[in-house]
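Worksheet: one structure, shown below.
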Amino acid sequence: MLGGCSGSPPSELGVRDGRLAPCPASPNCVNSQASDEQHAIAPLALRGSPEETRRRLLQLLADEPRVRLVVQEDDYLRAEFTSRLLRFVDDVEFLIEPQAVQVRSASRLGHSDLGVNRERVEHLRQRLAQQP
């Protein structure tokens, strides 16, 4: 019964023309490349070189509970975060650029996420900044 909350990955995920997919109109997504206040969030700062930052992100994701790394490329990572109770799945993407890490976090299902995606990105930002 609870497996029905995971949904399927949206077809627009990934990088196209150097950009992550825009957020839908619903308030259950944040994107560092968005310009509207509802969806905009700051990119993540690099920690060392882009390659070092990528390694740190991979370690950080490996340490997070209920996270599955789905795509691992040189400058792009995509992970699925699954909620503890209802097993909702959120897609989190990282585009590692020379100056910063663009990030997008979006719920697959529902309208509102009650701020979960924004909180997740801020949590990851804090953890990334604390890593040696």
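The values are calculated or read from the model by the stated rules, or taken from the named source; none is laboratory data. Small disclaimer: the values here were computed from a predicted structure and weren't measured. When we count neighbours, we look across all protein chains shown, and the Cβ atoms used for this are built from the backbone with ideal geometry, even at glycine. The accessibility values were calculated without ligands, DNA or RNA, using every heavy atom of the protein model including side chains. Shrake-Rupley method; radii C 1.70, N 1.55, O 1.52, S 1.80 Å.
Numbers at a glance
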quantity: Options ALA45, ALA21: the member that is of a type in the set (Gly, Ala, Ser), modelled with pLDDT of 95 or more and open to solvent by 60 Å² or more (accessible area, probe 1.4 Å); calculated: ALA45
quantity: Region 97-109, residues that are touching a Cys at 6+ places or on another chain (Cβ under 9 Å) and part of a strand (DSSP E or B); calculated: ARG104, SER105, ALA106, SER107
quantity: Test: residue in region 86-96 that is at pLDDT below 95, part of a loop (DSSP other than H, G, I, E, B) and either small (Gly, Ala, Ser) or touching an Asp or Glu at 6+ places or on another chain (Cβ under 7 Å) (or both); calculated: no
quantity: Residue selected from region 64-100 under the condition over 15 Å from the mean Cα position of the chain (by Cα) and either in contact (Cβ under 8 Å) with a residue 60 or more places away in the chain or over 24 Å from PRO22 (Cα atoms) (or both), by the criterion surrounded by the most Cβ atoms within 10 Å (Cβ to Cβ); calculated: ARG87
quantity: Any hit, region 3-17, residues being part of a strand (DSSP E or B) and more than 17 Å from GLU119 (Cβ to Cβ); calculated: yes
quantity: Answer residue from region 101-132, given it is among the charged types (D, E, K, R) and in contact with a strand residue (DSSP E or B) (Cβ under 9 Å, 6 or more places away or on another chain) and is farthest from ARG16 (Cα to Cα) among those; calculated: ASP113
quantity: Qualifying positions in region 34-59 - under 15 Å from SER105 (Cα atoms), in contact with a strand residue (DSSP E or B) (Cβ under 7 Å, 6 or more places away or on another chain) and part of a loop (DSSP other than H, G, I, E, B); calculated: ALA34, HIS39, ILE41, PRO43
quantity: Residue match in region 111-129 (condition: modelled with pLDDT under 95, part of a loop (DSSP other than H, G, I, E, B) and either acidic (Asp, Glu) or surrounded by 21 or more Cβ atoms within 10 Å (Cβ to Cβ) (or both)); calculated: yes
